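Accompanying notes for the structure given below.
The values are calculated or read from the model by the stated rules, or taken from the named source; none is laboratory data. Everything numeric here is computed off the predicted structure, so don't read it as measured data. Because the Cβ atoms are built from the backbone with ideal geometry, glycine has one as well, and the counts that use them run over all protein chains shown.
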Amino acid sequence: MGPSIFMSSAFAGAEPVPRESRTPHSSRDLLVYLTLVALTWGAWQISRLQLFEAGDDVGYWLGVAGGVMMVLLFSYPLRKRFRFAQSWGKAKWWFLVHMLLGVGGPILILIHSTFEVRSMNAAAAFYSMIIVALSGVVGRFIYSRINRGLHGEQVDLLALQQRAGLHQREAHSRLRFAPSVERRLMAFGRHEVSLRPGLWMSLRRVFWLPVKQWWTYLACVRELQGPLQDLAAQGAWSQKNQAKRQHLARKLVRRYLNSVVRVAQFTAYERLFSLWHVAHLPFVYLLVISALFHVFAVHAY
């Protein structure tokens, strides 16, 4: 087989693959977490200015505003639970408001408290809020892995599997010039998707699988060097052309691995999201009880 045939079959003629999301989870998550850190840091800086105390008028009304926002958080789950409320606007806007309230409420409470607790009931309410807020961040992280953006539209596992299959066919058709890479990718896909689900396996897929994916990618990149250099010599490629084809081959490997990992992690994140609900609710109840007791104590004494 001549080099021209190799070149055309290796990098052209395969089925088109849907584009990946332009905003990767990692970039979007990093932006969210940096924003939360910046807001918390800003609340800390305001508290250091000593412009007010928790018990004076400014501090009191900041606490009221934060408390009201925390109460309004319950409007979203109530809207989902009661059928008559499900026609009150689009769910994506409710969820967006829910997230904004979940950030704004705790930030106002932090400013209200000036990062100090002076009583047992205040400490119980404060630390319950911190736990619930951190739990909400974890829930948002998991939720984003099994839903498309703010729409709450659940990602179809079958669609992900079909995409992985499409990438597998593309990898097979375009990487046959590098058999070792092809075998490594196919073995990675068969092994990870076929593993039985379970709590331990879910944790493994969330925390260990990305590491294994990266190692597999690096191994494939190394194994691509030799075959690509052989093709470059046979086809008399320019350095620019060789670099372009090397980039395309790496992109193909990366895209296939990403598809396999998404399929493997989908059920893992679904299971973890169910467990998160079980763990999150008791802290919410504790927050409600401690906050009510704190409000009663403030006005009674």
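Scan segment 116-140 for residues that are in a loop (DSSP other than H, G, I, E, B) and surrounded by 15 or more Cβ atoms within 10 Å (Cβ to Cβ) and jot them down. V117 - this is the single residue of segment 116-140 that is in a loop (DSSP other than H, G, I, E, B) and surrounded by 15 or more Cβ atoms within 10 Å (Cβ to Cβ).
To keep it simple, each residue is scored yes or no on (1) out of contact with any Gly (no Cβ under 9 Å at 6 or more places or on another chain); (2) without any contact (Cβ under 8 Å) to a residue 24 or more places away in the chain.
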| position | (1), (2) |
| --- | --- |
| T216 | yes, no |
| P227 | yes, no |
| A236 | yes, yes |
| N241 | no, yes |
| Y256 | no, no |
| S259 | no, no |
| Q265 | yes, no |
| R271 | no, no |
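Scoring A291 on the criteria (1) within 30 Å of R176 (Cα to Cα); (2) surrounded by 18 or more Cβ atoms within 10 Å (Cβ to Cβ); (3) among the hydrophobic types (A, V, I, L, M, F, W, C); (4) out of contact with any Ser or Thr (no Cβ under 7 Å at 6 or more places or on another chain) leaves a single failure, condition (1). The listed residues are L248, L281, and the only one of them that is surrounded by fewer than 17 Cβ atoms within 10 Å (Cβ to Cβ), out of contact with any helix residue (DSSP H, G or I) (no Cβ under 7 Å at 6 or more places or on another chain) and not β-branched (V, I, T) turns out to be L281. Taking helices (runs of 4 or more DSSP H) as the structural unit, those lying wholly within segment 161-240 and holding at least 3 residues that are within 18 Å of R254 (Cα to Cα) and modelled with pLDDT of 80 or more correspond to 179-194, 209-235.
Number of residues in segment 27-43 that are modelled with pLDDT under 85 and β-branched (V, I, T) equals 1.
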